[in-house]
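The values are calculated or read from the model by the stated rules, or taken from the named source; none is laboratory data. Because the structure is a prediction, the values reported are computed rather than measured. A quick note on method: Cβ atoms are made from the backbone with ideal geometry, for glycine too, and the neighbour counts reach across all protein chains shown. Accessible surface is based on the protein model in full, side chains and every heavy atom, while ligands, DNA and RNA are left aside. Shrake-Rupley method; radii C 1.70, N 1.55, O 1.52, S 1.80 Å.
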Amino acid sequence: MPRTEEVLTIFLASPSDVSDERARFAEVIVEWNRAWSRDLGLRLELVRWEDDAYPGIGTDAQDVINRRLPTNYDLFVGIMWSRFGTPTDRAGSGTEEEFDRAMASFSNAPGALDIFFYFKDAPISPSKLDMHQVTKVLEFKASLRNNGLLSWDFVDLDQFEKLIQLHLTKHVQAWRKQRGGGSAIFVPNLY
């Protein structure tokens, strides 16, 4: 029997040093959909460059990614650890450029988009440590605070997963309440 679903689109942005967190985030989305999409008539859709972009030519690789990925998402999620990322012609990194685009969308239509940002606060091997990159991450984090964005820190993959499960559930609750689709959902099996 056919059914109708609403889709809440989530854009995931990060540099390359948090690939495990990106994979875990995708797993959480799959599990959330398996547990709740049928009951709520709501499906979470994850947009990320490795799944949704494809080869092409542009000013730089980020320009190609920007043109390939949708811009009409409901939630932007950023993750950083010790790398700020590769500079583009338009920003200090691809992640910063994606964040700037999300902030521009938020400024144009407050309430149509929400922004989550997570920072991993865990040790890193000295051989992988680039102080210039770490400094840029810390400056970026401070700039988020100065611009009114509440970010969240985590120490490991398991804590990140629990935070994402909780924060996505709270976001869906707020999103449904705003649209008149019900008030609360409780997700006991995810915690």
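Observations, loosely collected:
- Filter result for the condition that a residue is over 17 Å from residue 26 (Cβ atoms) and assigned to a strand (DSSP E or B), over 76, 117, 99: 117
Residue-wise test of (1) open to solvent by 50 Å² or more (accessible area, probe 1.4 Å); (2) hydrophobic (A, V, I, L, M, F, W, C); (3) farther than 25 Å from residue 176 by Cα.
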| site | (1), (2), (3) |
| --- | --- |
| 66 | no, no, yes |
| 74 | no, no, no |
| 102 | no, yes, no |
| 109 | no, yes, no |
| 118 | no, no, no |
| 121 | yes, no, yes |
| 128 | yes, no, yes |
| 135 | yes, no, yes |
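- Residue check, residue 57 of a type in the set (A, V, I, L, M, F, W, C) and open to solvent by 50 Å² or more (accessible area, probe 1.4 Å): yes
- Given (1) at pLDDT 95 or above; (2) surrounded by 14 or more Cβ atoms within 10 Å (Cβ to Cβ); (3) not in a helix (DSSP H, G or I), index of the condition residue 185 fails: (1)
- Lone unmet requirement of (1) modelled with pLDDT of 95 or more; (2) over 17 Å from the mean Cα position of the chain (by Cα) for residue 110: (1)
- The set of residues in the stretch 76-86 being open to solvent by less than 30 Å² (accessible area, probe 1.4 Å) and of a type in the set (Ser, Thr, Tyr) consists of 82 alone.
- Condition met for residue 168 (open to solvent by less than 30 Å² (accessible area, probe 1.4 Å) and modelled with pLDDT of 95 or more): yes
- Options 138, 129: the member that is touching a residue at least 24 places away in the same chain (Cβ under 8 Å) and over 20 Å from residue 8 (Cβ atoms): 129
- Any hit, the stretch 17-32, residues being assigned to a loop (DSSP other than H, G, I, E, B), open to solvent by 40 Å² or more (accessible area, probe 1.4 Å) and of a type in the set (D, E, K, R): no
- The single condition among (1) of a type in the set (Asp, Glu); (2) assigned to a helix (DSSP H, G or I); (3) open to solvent by 70 Å² or more (accessible area, probe 1.4 Å); (4) in contact with a Ser or Thr (Cβ under 9 Å, 6 or more places away or on another chain) that residue 89 does not meet is (2).
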